[in-house]
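Here's the structure we're looking at; comments come further down.
The values are calculated or read from the model by the stated rules, or taken from the named source; none is laboratory data. What you are looking at is a predicted structure, and each value in this text was computed from that prediction instead of being measured. As a convention, Cβ positions derive from the backbone with ideal geometry for all residues, glycine included, and neighbour counts pool all protein chains shown.
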Amino acid sequence: MATVEEGLSCQELVELVTAYLEMTLPPREQVRFEAHLAICPGCTNYLAQMRETIRLTGMLSEETIPDDGKAKLLDAFRTWKHGHTGE
Amino acid sequence: MRPPAIYFRNAPRGTTDLQVNPEGARVGRREGGVDMGEDADEPRQQPPVATAGALPLGPESGDPPATPDEQMLLAALRGGDEAAFETLVNAHYVAMLRVALLYVRNRAVAEEVIQETWLAVLQGLARFEGRSSLKTWIFRILANRARTRAVREGRSVPFSALASQEAEGDEPAVEPERFRPADARWPRHWASAPQSWGEIPEERMLALETRERLRLAIEALPLAQRAVITLRDIEGWDAEEVSGHLGVTDGNQRVLLHRARSKVRAALERYLAEV
């Protein structure tokens with residue numbers, strides 16, 4: 001029995017998605033993962049949704065710096081420079 | 001009461017500056033070899049290379065040293081180049097705000113912590129060894145400052161303990177009801193399969209409301225999961241940077257990321273299914 005490779009179920013696959021994307025699946029698991037994907041539109045959609053979620057989450061980083069915070073920092077830098085380099 | 005902050009608490013003091021726990025996560029190294037303590041981030045209190053010779057500390061130690069770009073930036077900063085400082089601030093400020101907000105609730109307090117952090121960075125520049133990346137060093141100072149502040153406000157955030165809690169037990173990525181029962185034909189395969197998002201116009205994906213839903217889904221996550229997805233997927237840090245910064249194991253980092261992403265995907269799926 002141990003030599004027979006059972007296919008993954010969809011319920012098992014969704015738990016491996018992060019390890020798959022992180023490329024931390026052992027080679028044999030990766031083969032099973034990809035073999036399942038090849039025949040399962042539901043899991044293919046699931047993986048694509050996960051990738052899209054990651055892409056959209058990454059776009060949340062686009063935010064600008066509040067000007068007053070930055071101005072204070074530049075003042076602090078000038079003070080530091082004055083004390084530090086004697087300029 | 002729990003100890004207020006337990007980053008790296010597994011790292012024995014004064015033995016070596018690199019401790020590897022059973023799951024392989026680096027838990028103990030700090031710039032200058034200084035271990036925890038509320039003000040371990042104070043650059044001026046750090047002996048320059050307290051543990052030189054203990055272990056080789058090249059990139060293979062899991063914490064890459066300052067890159068050539070950073071070395072140039074460092075030289076410019078030390079020379080008092082304001083444009084270089086501005087570049088550094090622009091590169092990290094928003095990320096610092098997001099990280100600080102993992103510890104302190106209030107944006108004004110977070111901004112104060114960031115101001116303090118930059119002052120500490122400037123004061124510590126001369127002694128910064130470049131053995132970790134400048135970014136790692138800055139965020140380490142930030143985390144220490146923010147944690148100190150959180151403790152003073154009575155809300156400590158011990159990520160390593162939280163991480164173990166939040167990574168425990170069973171938490172399915174997808175509700176079990178969406179799969180066929182174990183005794184059905186095609187057991188545990190989709191009963192209600194995810195639909196393709198391929199036909200959804202990009203404008204909808206990028207719409208303000210979609211962003212807002214995403215943001216809310218992330219805000220609703222338990223703290224350690226929120227911390228990991230924020231650093232990994234919003235800030236784009238790699239797995240090692242995140243587990244090092246939060247003081248969690250590689251295994252827990254991955255479990256937390258998995259749980260966080262699964263919930264955010266589910267929230268997005270629900271939202272996009274609304275007409």
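State yes or no: is B:Ser132 farther than 30 Å from A:Gly83 by Cβ, among the polar types (S, T, N, Q) and either within 25 Å of the chain's Cα centre (by Cα) or not assigned by TED's automatic domain parsing to the domain that holds B:Arg78 (or both)? Here the answer is no, as B:Ser132 does not meet what is asked. Of all residues in the stretch B:123-135, exactly one satisfies the criterion of being crowded, with 18+ Cβ neighbours inside 10 Å and within 12 Å of chain A (Cβ to nearest Cβ), namely B:Gly124.
The set of residues in the stretch B:152-201 that are touching a residue at least 12 places away in the same chain (Cβ under 8 Å), out of contact with any Gly (no Cβ under 9 Å at 6 or more places or on another chain), of a type in the set (Gly, Ala, Ser) and under 19 Å from B:Arg261 (Cα atoms) comprises B:Ser164, B:Ala173. Kindly evaluate B:Ala120 against the criterion of being more than 13 Å from chain A (Cβ to nearest Cβ), hydrophobic (A, V, I, L, M, F, W, C) and assigned to a helix (DSSP H, G or I). Taking the combined requirement at face value, the residue does not satisfy it. Counted as qualifying within the stretch B:139-230 are the helices (runs of 4 or more DSSP H) with 3 or more residues that are within 12 Å of chain A (Cβ to nearest Cβ), more than 29 Å from A:Leu8 (Cβ to Cβ) and of a type outside the set (Phe, Trp, Tyr), namely B:202-206, B:208-219. Would you confirm, using the coordinates I've provided, whether B:Arg98 is among the basic types (Lys, Arg), part of a helix (DSSP H, G or I) and in contact (Cβ under 8 Å) with a residue 12 or more places away in the chain? So B:Arg98 fits the description; yes.
Residues are listed down the side, and each one gets a yes or a no for (1) free of Cβ contacts under 8 Å to residues at least 12 places away in the same chain; (2) more than 7 Å from every other protein chain (Cβ to nearest Cβ); (3) surrounded by fewer than 17 Cβ atoms within 10 Å (Cβ to Cβ):
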site: A:Ala35; (1), (2), (3): no, yes, yes
site: A:Gly42; (1), (2), (3): no, no, no
site: A:Gln49; (1), (2), (3): yes, no, no
site: A:Thr53; (1), (2), (3): yes, no, no
site: A:Glu62; (1), (2), (3): yes, yes, yes
site: A:Ala71; (1), (2), (3): yes, yes, yes
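B:Asn106 fulfils the conditions (1) at pLDDT below 90; (2) within 15 Å of B:Leu246 (Cα to Cα) except for a single criterion, (2). Does B:Gly247 fit the bill of being out of contact with any Asp or Glu (no Cβ under 7 Å at 6 or more places or on another chain), among the small types (Gly, Ala, Ser) and farther than 22 Å from A:Glu52 by Cβ? Yes; evaluated as a whole, the condition is true for this residue.
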